[in-house]
């Protein structure tokens, strides 16, 4: 790892803990209701899928901060330090670019869901309430990648 920034507890960690606790409570509620009444809450599946999406995006942002994403280090670890630095800079810019493109496409999807008044199948609430968070977290991921790029660019 070129950048050794390992903060003890960042915002994304706190969000992940909250989301995991909410996911656990909702799932346990559904299990108990299903066990004791032989019926299921349809909304728990919908909320759980949303929470898992946001949890994975928060985890991705935390991994970006810690430089712990899965990657192939074959080219990165071979060569002189200047080459490693250039490849790390390129990697951070490529990550920011592709996450930014994903965020733009997700914003278009959320806008279409808002414009066409699409509703969720189980609860019947507007689908954009769920999908509006994807471009938000893509913005967070893009900012984290650019933050790493800036830190590496200015480090000696």
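The values are calculated or read from the model by the stated rules, or taken from the named source; none is laboratory data. Owing to the predicted nature of the structure, the values given are computational and were not obtained by experimental measurement. Because the Cβ atoms are built from the backbone with ideal geometry, glycine has one as well, and the counts that use them run over all protein chains shown.
When we screen 88, 82, 122 for residues that are over 15 Å from the mean Cα position of the chain (by Cα), modelled with pLDDT under 95 and part of a loop (DSSP other than H, G, I, E, B), the only hit is 122.
The set of residues in region 132-146 that are over 9 Å from residue 103 (Cα atoms) and in contact (Cβ under 8 Å) with a residue 60 or more places away in the chain comprises 133, 140, 141, 144, 145. Close contacts from region 117-131, counting a first residue that is without any contact (Cβ under 8 Å) to a residue 24 or more places away in the chain and a second that is assigned to a helix (DSSP H, G or I) and surrounded by 16 or more Cβ atoms within 10 Å (Cβ to Cβ), with Cβ to Cβ under 6 Å and a gap of 6+ residues or different chains, come to 127/113; 128/110; 128/113.
Remark: pairs (first residue in region 60-71, closer than 13 Å to residue 92 by Cα; second residue in a helix (DSSP H, G or I); Cβ separation under 6 Å; 6+ apart in sequence or on different chains) = 61/12; 61/140; 61/141; 61/144; 64/144; 64/145; 65/144; 69/63. Would you check if residue 136 is surrounded by 16 or more Cβ atoms within 10 Å (Cβ to Cβ), within 30 Å of residue 25 (Cα to Cα) and within 17 Å of the chain's Cα centre (by Cα)? Taking the combined requirement at face value, the residue does not satisfy it. Taken over region 41-69, the criterion of being farther than 24 Å from residue 128 by Cα and surrounded by 13 or more Cβ atoms within 10 Å (Cβ to Cβ) is satisfied by 62, 63, 64, 65, 66, 67. Just one of the listed residues (99, 70) is part of a loop (DSSP other than H, G, I, E, B) and closer than 30 Å to residue 155 by Cβ, namely 70.
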